[in-house]
1. Charges at C-beta only: +1 for Lys and Arg, -1 for Asp and Glu. How large is the resulting dipole of region A:8-168 about its Cα centre, in Debye rounded to 20?
2. Would you give the gap between the C-alpha center of region A:210-250 and the C-alpha center of region A:84-130, rounded to a whole Å?
3. Within 10 Å, count the other beta carbons around each residue, average over each peptide in B:105-111, B:73-79, A:267-273, A:209-215, and list them highest first.
4. What's the magnitude of the charge dipole for region A:190-317 around its Cα centre, counting Lys and Arg as +1 and Asp and Glu as -1 at the beta-carbon? Answer in Debye, nearest 20.
5. Quick one: what Rg and Dmax do you get for region A:192-296 from the alpha carbons, in Å?
6. By DSSP, what percent of the beta bridges with both residues in the protein assembly as shown are antiparallel, rounded to the nearest 5?
7. Restricting to region A:173-315, compute how many DSSP beta bridges are antiparallel as a %, nearest 5.
8. What percent of all Cα-Cα pairs in the protein assembly as shown falls in each 10 Å bin, counting up from 0?
Amino acid sequence: MAHTVETAGLYDCRDAWSNTLIDLAVADDRIVAVVNDSVGSSKLGGFQTRFADRLINVGIAEQCMVGVGAGLANGGRIPFVSAASCFLTGRALEQVKADVAYANFNVKLVGQSSGIAYAELGPTHHSIEDFAWLRPLTNLTVLIPSDPWETAAAVTWAASHEGPVYIRLSRMPVPMLDIPNRVFRVGRAELVRQGGDVAILACGTTVHLAAGAADLLQSQGIGARVLNISTLNPLDEEAVAQAAATGAIVTVEEASIRGGLGGAVAEFTAAHRPVPVERVGFAGFQPTGSLAYLFEQSGLTAQGIADAAHRALQRAVK
Amino acid sequence: MSANDPLVAIKAKALWMRRRSFRMVYEAQMGHPGGDFSATDILATLYFGVLRHDPARPDWAERDRFIMSKGHASGALYTALSAAGYCPEDWLSTYMANGSKLNGHPNRNYLQGVETNTGPLGHGMPVAAGIAIAGQITGAEYRTFVLTGDGELQEGSNWEAAALAGHRKLSHLTLIVDRNRLQQGAGTEDTITMDPLDDRLRAFGWDVVMLDGHDHAALLAALCAPPSTKPRAVIANTVKGKGVSYMENQAKWHHGVPNAAQFAQAMQELV
């Protein structure tokens with residue numbers, strides 16, 4: 001596809017984000033970008049070159065950045081507020097709540113390098129709490145693209161949607177998902193693998209790992225359905241109910257296991273269709289380590305997810 | 001003073017707003033009347049002498065914007081918006097009642113004319129700066145006014161926005177500080193030193209005017225002055241509880257509510 005840069009079969013989704021934003025900005029002069037000295041980390045250098053007066057750098061001031069986004073929306077602009085998600089959602093959480101979600105302004109929040117993308121820099125720079133912080137915010141659509149195709153689709157949809165959106169991106173290289181005839185539908189889970197024995201619900205950078213787990217399980221005679229939950233808010237409750245009908249669910253996310261995708265699925269199934277739910281993600285603040293090391297430690301691998309599926313199936317039998 | 005002098009209307013509206021907002025607080029037995037009264041003359045001047053706006057077209061792109069950053073003084077804002085034509089007067093009788101459009105803090109989705117939701121302090125300035133930047137980008141002529149409390153300026157987000165406004169020379173942005181020198185618990189200077197507030201704002205790149213925040217003529221002149229090359233701060237020296245003898249300069253009237261005798265006395269004094 002256009003706008004992607006491939007390295008050994010892997011892609012940095014920021015290329016799709018920034019190039020898509022330029023295309024949208026060419027077509028619609030209301031689109032502006034707001035950053036906190038984060039032009040480089042947001043890969044917005046090209047946007048800045050093309051649209052110098054539409055790139056608003058507020059300096060290292062995240063509360064101001066989000067409030068400015070709300071004000072730009074009041075003034076008829078369509079702001080994409082882009083910053084490292086740890087600061088965007090943590091430092092400016094009250095602005096995200098009051099100025100964007102509660103005020104219901106047409107602001108697009110773009111969390112960069114989310115999850116543990118800044119691995120060795122430690123938990124101050126990790127953003128594994130953002131799902132739990134943002135999920136209760138009424139009006140805020142939460143999108144978690146899984147690859148460059150979905151990133152471009154999510155950014156395009158956000159620009160056309162009247163209302164607040166949070167798009168969670170990563171700099172972690174990911175493969176393009178091999179799904180024929182893809183259609184991006186907000187609020188709807190995407191079927192990645194068919195299967196009826198267990199359901200694996202994954203999002204963002206972990207969807208391809210879940211697909212790998214399904215392949216492992218297939219070789220063991222277990223049919224695992226894999227769903228890409230690219231919209232966390234609102235949750236596709238119909239898809240979760242159907243997943244629960246398999247009898248066992250695994251959730252996978254590059255985020256805390258408290259309050260995120262796993263939390264959302266557990267809330268829904270507890271209320272409507274009790275079923276074992278194994279949550280794969282981070283249990284808390286992470287130790288020093290590389291991204292690969294930290295993923296491995298928390299079972300965020302094809303094997304780790306397959307192991308979680310076995311645990312869920314065992315619990316379902318009891 | 002001629003009959004069509006805006007000062008005549010402003011004075012009349014300010015008196016009505018004080019009487020009406022105090023009735024709202026009395027009936028709800030909730031509210032922030034001290035801050036309502038310190039801000040009333042500022043709001044009356046804005047809505048009846050300064051702002052270019054049209055209640056029939058609340059989304060008019062070229063309207064002047066007013067952001068009530070000290071959202072707790074919602075009694076003053078709601079009476080101004082009602083008098084300006086944004087809601088029927090009978091809505092005011094629902095202040096903070098179950099299901100009311102008039103929450104304790106303003107919500108733009110409930111009441112037209114409210115430009116953004118406020119309540120937590122330090123939110124209005126960044127939003128106002130964003131509105132002014134939108135106008136700067138598009139070359140729009142609208143003006144943006146934001147009213148903060150003085151204690152509110154202890155929130156750091158205000159200074160992030162003040163720096164941004166100074167840096168970008170947001171000439172169509174005016175900050176009005178309701179300088180009543182009292183915050184919820186004590187005097188501002190006894191809590192965190194705010195002075196010299198004018199010098200602090202000048203250092204951030206702002207033009208600064210200091211005036212009596214109950215002098216309608218002075219407010220009108222300062223708020224209608226043509227834009228310069230910098231954002232403008234109007235430090236309005238005010239009296240918390242202005243207009244009611246037992247409330248003036250009393251911190252306890254930040255969110256105090258009157259009993260029947262106090263309400264009756266206030267209605268006698270506010271004439």
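All of the numbers you see were taken from the coordinates with simple rules; none came from a lab. Owing to the predicted nature of the structure, the values given are computational and were not obtained by experimental measurement. Cβ: placed from backbone, ideal geometry, glycine included. Neighbour counts: every protein chain shown.
1. Details: 11 positive and 16 negative charges, 40 e Å.
Charge dipole of region A:8-168: 200 debye, to the nearest 20.
2. So the separation of the two Cα centres works out to 27 Å.
3. Order by mean packing, descending: B:73-79, A:209-215, B:105-111, A:267-273.
4. 260 debye
5. Rg then Dmax for region A:192-296, in Å: 13.4, 39.
6. Numbers: 10 of 66 bridges.
Counting only bridges with both partners in the protein assembly as shown, antiparallel ones make up about 15 percent.
7. Restricted to region A:173-315, the bridges split so that about 20 percent are antiparallel.
8. All Cα pairs considered, the percentages come to 4, 17, 24, 21, 16, 12, 6, 2, 0, 0.
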